[in-house]
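A.B. asks: First, the structure itself, so that you have it in front of you.
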Amino acid sequence: MSPGNKNSKRISKKKGAFHAQAFLDSVGVKRTIKELKSAEIVYSQGDAAKNVIYLQEGGVKLSVVSEIGKEAVVAILGAGDFFGEGSLAGQSVRMGTATAITPSTVLVIEKSEMLKVLHEQHALSDRFISFMLARNIRIEEDLIDQLFNSSEKRLARTLLLLAHYGKEDQPHGVLHKVSQETLAEMIGSTRSRVNFFMNKFRKLGFIKYNGGVQINTSLLSVVLHD
């Protein structure tokens with residue numbers, strides 16, 4: 001049995017969530033590590049789609065710009081997410097722009113390398129597909145949030161997502177180096193509105209400033225409130 005098959009069997013026996021980092025490490029995927037500063041562009045709308053990117057640390061926003069220059073944020077991604085996967089399905093150019101919203105670390109994987117691994121490691125490719133489908137469902141939820149929810153709810157949901165709500169058994173998450181200008185851009189509002197709601201959340205005990213923004217999961221009540 002080849003080393004690759006051994007790795008595939010070992011991971012395929014694991015139950016529960018797909019662990020992307022373990023996937024990349026186990027099959028020896030060749031990748032380039034890139035450190036990004038806040039507001040640094042990973043790729044731009046219209047660039048050639050030549051690779052898939054894994055977000056190891058930090059946060060990235062995906063946005064599109066219309067012909068008249070209006071920008072819309074499509075999704076906010078966190079550590080553990082893949083993006084740029086459209087290249088695997090024949091997408092020749094990037095449909096949007098990916099920008100780091102905090103200092104981030106990404107792994108850049110050439111399209112040919114990713115396709116090779118997915119074709120050879122069937123158990124892993126099944127999990128990867130499920131992982132991407134779940135990510136796409138979240139993007140749909142983001143779009144619905146943008147279309148139908150108030151700016152207060154959108155801000156609360158964005159803060160919870162950035163704090164990885166539901167991914168860890170902890171009552172709090174801490175955001176570092178995310179400006180109110182960035183938050184306003186994410187939710188399609190103004191900095192003054194974000195400042196107003198952040199002060200409101202602080203007074204209600206939903207957030208706390210302590211070397212960053214500490215998010216209490218009680219903030220979920222704002223999202224669920226009609």
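A.B. asks: Taking only pairs six or more apart or across chains, which ones have beta-carbon atoms under 6 Å, a first residue in the stretch 143-171 that is within 20 Å of residue 199 (Cα to Cα) and open to solvent by less than 80 Å² (accessible area, probe 1.4 Å), and a second residue that is at pLDDT 75 or above and assigned to a loop (DSSP other than H, G, I, E, B)?
C.D. replies: 151/189
A.B. asks: Can you name every one of the strands (runs of 3 or more DSSP E) wholly within the stretch 46-106 that holds 1 or more residues which are out of contact with any Ser or Thr (no Cβ under 9 Å at 6 or more places or on another chain) and crowded, with 19+ Cβ neighbours inside 10 Å?
C.D. replies: The qualifying strands (runs of 3 or more DSSP E) are 51-57, 71-78.
A.B. asks: Name the pairs: first residue in the stretch 23-36 and within 11 Å of residue 109 (Cα to Cα), second residue open to solvent by 50 Å² or more (accessible area, probe 1.4 Å) and assigned to a strand (DSSP E or B), Cβ to Cβ under 9 Å, at least 6 apart or on different chains?
C.D. replies: 30/110; 31/110; 32/110; 33/56
A.B. asks: Cβ-Cβ under 6 Å, sequence separation 6+ or interchain: first residue in the stretch 194-214 and surrounded by fewer than 16 Cβ atoms within 10 Å (Cβ to Cβ), partner in a loop (DSSP other than H, G, I, E, B). Which pairs?
C.D. replies: Close Cβ pairs (under 6 Å, with a partner that is in a loop (DSSP other than H, G, I, E, B)) amount to 212/176.
Residues are listed down the side, and each one gets a yes or a no for (1) within 22 Å of residue 66 (Cα to Cα); (2) among the hydroxyl-bearing types (Ser, Thr, Tyr); (3) modelled with pLDDT of 90 or more; (4) out of contact with any strand residue (DSSP E or B) (no Cβ under 9 Å at 6 or more places or on another chain):
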| site | (1), (2), (3), (4) |
| --- | --- |
| 93 | yes, no, yes, no |
| 101 | yes, no, no, no |
| 119 | no, no, no, yes |
| 125 | no, yes, no, yes |
| 132 | no, no, no, no |
| 135 | no, no, no, no |
| 140 | yes, no, no, yes |
| 152 | no, no, yes, yes |
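The values are calculated or read from the model by the stated rules, or taken from the named source; none is laboratory data. Keep in mind it's a predicted model, so treat the numbers as computed, not measured. Because the Cβ atoms are built from the backbone with ideal geometry, glycine has one as well, and the counts that use them run over all protein chains shown. Accessible surface areas use protein heavy atoms only, side chains included; no ligands, DNA or RNA. Shrake-Rupley method; radii C 1.70, N 1.55, O 1.52, S 1.80 Å.
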